[in-house]
Each structure stands twice: as C-alpha cells, then as structure tokens.
Amino acid sequence: MHLITWETQFSPFGDHWGYNDIFSIFFVNTQTGWITGDWGRITRYYGTTDVEDDVNSINQFALSQNYANPFNPSTVISYQLPVGGSAKIKVYNILGNEITTLVNEYKPAGMYEVEFDAEKLSSGVYFYQLQDGEYTAMKKMILIK
C-alpha cells in the first residue's frame, strides 16, 4: 500500500532567510509548471518532470495554448513534433501581418517550448502559427498591458 501525503515545503525564492512557503504548483504539461510562494513570488519550472518521458510516445503534432493567456509582457508556447522536421513558429497581429519568427530550424521529434516577449507591442489579439512540413496549426493569444 502506498501512502500519499502532502506537507509544507520550503523553497529559496531569494529572501534574506533563503526560505518561503510554496502556496500553489500548477503544471500546464509534463515540462512546464508554475509555483507561487510567500511575498508574491512566482517561478516557472521547465524541463523534464519524469525520468520516463519517452519521445517515442509522441505520436502526433500538437500546438498548445500559450500560458499565461492573457499575458503581459511574455508568454510560453509549447508544441510537440512526432518526427524531426523544419519547424517554424511565427506570430501575427490581428491584421495578419507577421510580427516575428520565434522558431525557424530543424527540430528532432520531441516536446518543446519557446518564450514570446511582447514588451514592445501594444495590447491586443495576436496569433501564433506552427508549421512543420504539411502540418499547420494556429492559436490566438491576448496581450494586456
């Protein structure tokens, strides 16, 4: 029988004592999570959370909804590729004009994330698009300043 319990953990978030209570942990996928703690501190975890993550288990293309959404001034876009290929992620404004290219390179099969920094952009609706070979997907995101 396995007994699962929760207990208060302390984590160094940079205060002069080196410890703060963790209030909340939220993972948007197996590689990206957010932790909130004392003094309004928020941190983002990204990386493998399971030593048994297996690229071979990825059997389809996927473009996830950005997190956070709405966002200010940056957000994270996650995607997965079942086979290696030339991946492109572009951001467009509401008029369809290309704003920037976030990814434009060969990527082996796997799960990825890229950060989009919109510090110099105005509030509004933007779109991001993943293209890899014949696969194309697009999602909407909202920047609020």
| Taking segment 54-145, which GluC sites (Glu not before Pro) meet the DSSP loop condition and have no more than 11 other C-beta atoms within 10 Å? | Glu119, Glu134
| note | Once both label points are put 7 Å beyond Cα along the C-beta direction, the Phe127-Ser24 separation in nm becomes 3.1
| Near the amide H of Thr100, under 5 Å away, which other amide H atoms are found, from residues 5 or more places off or on another chain, if H is placed in the peptide plane? | Val91
| note | With 0.36 nm assigned to each residue of separation and the Cα-Cα distance removed, Asn59 to Thr100 gains 11.9 nm
| query | What accessible area per residue, rounded to a whole number of Å², is obtained for segment 86-129 using a probe radius of 1.4 Å? | reply | 57
| How many nm separate the modelled label positions at Asn72 and Glu134, each set 7 Å beyond the Cα in the direction of the Cβ? | 4.4
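Go through segment 74-129 and name the trypsin sites (Lys or Arg not before Pro) that are in a DSSP coil and have 16 or fewer other Cβ atoms within 10 Å of their Cβ.
Values: sites: Lys88, Lys90, Lys120; in loops: Lys120.
Those satisfying the criteria are Lys120.
The values are calculated or read from the model by the stated rules, or taken from the named source; none is laboratory data. Just so we're clear, the structure is a prediction, and the values are computed from it rather than from any experiment. Note that each Cβ is placed from the backbone with ideal geometry, even for glycine, and that neighbours are counted across all protein chains shown. Each accessible area value is taken on the protein alone, full model and side chains, heavy atoms only, with ligands, DNA and RNA left out. Shrake-Rupley method; radii C 1.70, N 1.55, O 1.52, S 1.80 Å.
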